[in-house]
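For reference, the structure discussed in these notes is given below.
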Amino acid sequence: MAKRTPFDWQRAHVMVTGGSQGIGAAVARAARARGAAVSIIARGEEPLRATAEPIGAAWASADVTDPDGLQKAVDELERRSGPCDVLIACAGTALPGRFLEVPIDEFESQMRLNYLGAVHAARAVLPGMVSRGRGHLVLTSSTAGMIGVVGYTGYGPTKAAVHQLAHCLRYEVGPAGVTVAVLYPPDTDTPGFEVENSRKPPETVAVSGAITPVSADVVAAAVIAGIDKGRHHIAIDPLTRVLVRAGGIVEPIVRPILARTIGKARAASTAPS
Ligand SMILES: CCCCCCCCCCCCCCC[C@@H](O)[C@@H](N)CO
């Protein structure tokens with residue numbers, strides 16, 4: 001079998017959406033450390049500047065839910081640092097809660113940001129990648145996009161949608177030389193995770209406990225290794241790796257185990273003290 005040519009980071013222009021903090025910022029730093037030209041896109045100018053300037057990255061402020069604004073930012077960054085070779089779509093949020101207690105607009109806002117934000121980012125860079133016959137897209141799903149997790153009725157479907165987007169898109173752009181990869185981070189220690197934790201129902205905390213949170217740098221290192229190896233699936237922890245491999249076979253096995261954990265957590269949280 002022909003040996004893969006290692007990815008040439010030194011000649012690459014890497015763009016990261018949601019790049020001003022958390023996983024996005026860690027990925028930007030890791031790509032920069034490999035010698036890539038890095039551009040980061042996020043909404044707030046101050047956090048962007050604070051992340052970009054110390055590592056010598058370019059930045060542009062844009063909201064990934066606004067396709068026109070995002071396209072302008074991508075065009076500007078491509079004028080500055082050359083065509084985008086790698087797009088890592090990290091912008092996203094998780095707003096857990098019980099289905100009937102989550103405000104209805106949060107279902108829509110999470111779908112707009114997590115799913116449509118990935119769609120808009122991919123559409124902004126794909127015409128160029130396809131015409132050049134090369135490129136890497138990394139779209140961020142989640143462990144919670146692979147398996148139903150209690151308390152994530154608003155979030156999980158957005159990440160399942162990202163997973164499906166990548167699978168459908170790969171058929172179209174793979175033959176043109178573009179690799180479409182899906183990243184499945186478990187709980188990751190980021191500023192967003194602190195906010196998420198503050199609103200998790202106890203049963204979500206109980207189930208999430210099955211996987212120990214990882215650092216954003218660990219996720220970033222997995223992204224870099226995944227691109228180096230041309231992987232289509234980038235999972236970090238062993239449990240998520242099993243879920244990614246086994247997909248639908250695992251769900252019926254896992255469901256009764258999770259149901260017991262949830263039952264115990266509910267009973268403990270409603271027991272009189
Ligand atoms: C023997 C099988 C047990 C299976 C247990 C599966 C538990 C799965 C726990 C998933 C935790 C949720 C992961 C969400 C991760 C992030 O996407 C989220 N925190 C966003 O910030």
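Identify, please: which residue in the stretch 225-241 is farther than 17 Å from His163 by Cβ and in contact (Cβ under 8 Å) with a residue 12 or more places away in the chain and is, among those, nearest to the ligand (Cβ to nearest atom)?
Taking the stretch 225-241 first, the residues farther than 17 Å from His163 by Cβ are 225, 227-230, 238.
Checking which are in contact (Cβ under 8 Å) with a residue 12 or more places away in the chain leaves us with 227-230.
Values: Ile227: 20, Asp228: 23, Lys229: 22, Gly230: 24 Å.
Out of the qualifying residues, it is Ile227.
Any residue at all in the stretch 207-216 that is part of a helix (DSSP H, G or I), within 23 Å of Arg98 (Cβ to Cβ) and touching a residue at least 40 places away in the same chain (Cβ under 8 Å)? So that I can check it myself, show each step before the final result.
So in the stretch 207-216, the residues part of a helix (DSSP H, G or I) come out as 207-208, 216.
With within 23 Å of Arg98 (Cβ to Cβ) added as a condition, the list becomes 207-208.
Retained after the next criterion (residues that are touching a residue at least 40 places away in the same chain (Cβ under 8 Å)): 207-208.
Yes, some residue in the stretch 207-216 is part of a helix (DSSP H, G or I), within 23 Å of Arg98 (Cβ to Cβ) and touching a residue at least 40 places away in the same chain (Cβ under 8 Å).
Please enumerate the residues belonging to the stretch 162-195 that are without any contact (Cβ under 8 Å) to a residue 60 or more places away in the chain, over 21 Å from Gln21 (Cβ atoms) and not aliphatic (A, V, I, L, M).
His163, Gln164, His167, Cys168, Tyr171, Glu172, Gly174, Pro175, Gly177, Thr179
Answer yes or no: is there a residue in the stretch 43-52 that is in contact with a strand residue (DSSP E or B) (Cβ under 9 Å, 6 or more places away or on another chain), at pLDDT 95 or above and outside any helix (DSSP H, G or I). Before you say what the answer is, go through the steps one by one.
Filtering the stretch 43-52 down to residues in contact with a strand residue (DSSP E or B) (Cβ under 9 Å, 6 or more places away or on another chain) leaves 43-45, 48-49, 51-52.
The next check asks that each one be at pLDDT 95 or above; those that pass are 43-45, 48-49, 51-52.
Checking which are outside any helix (DSSP H, G or I) leaves us with 43-44.
Within the stretch 43-52, one or more residues are in contact with a strand residue (DSSP E or B) (Cβ under 9 Å, 6 or more places away or on another chain), at pLDDT 95 or above and outside any helix (DSSP H, G or I).
Applying the selection to the stretch 180-218, what residues are over 26 Å from Leu137 (Cβ atoms) and among the small types (Gly, Ala, Ser)?
Within the stretch 180-218, Ser198, Ala206, Ser208, Gly209, Ala210 qualify.
Counting just the residues of the stretch 166-187 that are within 27 Å of Ser215 (Cβ to Cβ) and of a type in the set (A, V, I, L, M), which one comes out surrounded by the most Cβ atoms within 10 Å (Cβ to Cβ)? Walk me through how you get there before you give the answer.
The first filter runs over the stretch 166-187 and keeps only residues within 27 Å of Ser215 (Cβ to Cβ), leaving 166, 179-187.
The next check asks that each one be of a type in the set (A, V, I, L, M); those that pass are 166, 180-183.
Numbers: Ala166: 22, Val180: 22, Ala181: 22, Val182: 27, Leu183: 25.
Among them, the one singled out is Val182.
Looking only at the stretch 159-174, decide whether some residue is within 10 Å of the ligand (Cβ to nearest atom) and either closer than 30 Å to Pro103 by Cα or at pLDDT below 95 (or both).
First, the residues of the stretch 159-174 that are within 10 Å of the ligand (Cβ to nearest atom): 159.
If we keep only those that are either closer than 30 Å to Pro103 by Cα or at pLDDT below 95 (or both) too, we end up with 159.
Within the stretch 159-174, one or more residues are within 10 Å of the ligand (Cβ to nearest atom) and either closer than 30 Å to Pro103 by Cα or at pLDDT below 95 (or both).
Being charged (D, E, K, R) and assigned to a helix (DSSP H, G or I) is the filter here, so list the residues in the stretch 53-78 that pass it. Give the derivation first.
Restricting attention to the stretch 53-78, the residues satisfying the condition of being charged (D, E, K, R) are 53, 63, 66, 68, 72, 75-76, 78.
Scanning the stretch 53-78 gives Glu53, Asp68, Lys72, Asp75, Glu76, Glu78.
Of everything in the stretch 119-148, what is within 16 Å of the ligand (Cβ to nearest atom) and touching a residue at least 60 places away in the same chain (Cβ under 8 Å)? Give them in sequence order.
To start, the set of residues in the stretch 119-148 that are within 16 Å of the ligand (Cβ to nearest atom) comprises 138-148.
Val138, Thr140, Thr143, Met146, Ile147, Gly148, listed by residue number.
How many residues does the stretch 106-157 contain that are of a type in the set (S, T, N, Q) and in a helix (DSSP H, G or I)? Give the steps one after another, and end with the answer.
First pass over the stretch 106-157, keeping only residues of a type in the set (S, T, N, Q): 109-110, 114, 131, 140-143, 153.
Add one more test, that the residue is in a helix (DSSP H, G or I), and what stays is 109-110, 114, 131, 143.
Residues meeting the conditions: 5.
Could you grab me the full set of residues in the stretch 65-98 that are closer than 30 Å to Val205 by Cβ and either of a type in the set (A, V, I, L, M) or more than 16 Å from the ligand (Cβ to nearest atom) (or both)? Talk me through it step by step, then tell me what you get.
Restricting attention to the stretch 65-98, the residues satisfying the condition of being closer than 30 Å to Val205 by Cβ are 65, 88-98.
Passing the criteria: Thr65, Ile88, Ala89, Ala91, Ala94, Leu95.
Of the numbered conditions (1) of a type in the set (D, E, K, R); (2) modelled with pLDDT of 95 or more; (3) within 16 Å of the ligand (Cβ to nearest atom); (4) surrounded by fewer than 14 Cβ atoms within 10 Å (Cβ to Cβ), Lys200 fails exactly one; give the number of that condition.
The single condition Lys200 does not satisfy is (4).
Taking the residues in the stretch 208-250 that are among the hydroxyl-bearing types (Ser, Thr, Tyr) and crowded, with 21+ Cβ neighbours inside 10 Å as candidates, determine which candidate is nearest to Cys168 (Cα to Cα). Talk me through it step by step, then tell me what you get.
Keep residues of the stretch 208-250 that are among the hydroxyl-bearing types (Ser, Thr, Tyr), which gives 208, 212, 215, 240.
Among the residues that remain, those that are also crowded, with 21+ Cβ neighbours inside 10 Å are: 208, 240.
Numbers: Ser208: 29, Thr240: 21 Å.
Restricting to residues being among the hydroxyl-bearing types (Ser, Thr, Tyr) and crowded, with 21+ Cβ neighbours inside 10 Å, the top hit is Thr240.
Identify, please: which residue in the stretch 242-266 is at pLDDT below 90 and more than 13 Å from the ligand (Cβ to nearest atom) and is, among those, farthest from the chain's Cα centre (by Cα)?
Filtering first and then ranking leaves Arg266.
The values are calculated or read from the model by the stated rules, or taken from the named source; none is laboratory data. Predicted model only: the values in this text are computed from it and were never measured. Quick reminder, even Gly has a Cβ in these numbers, built from the backbone with ideal geometry, and neighbours come from all protein chains shown.
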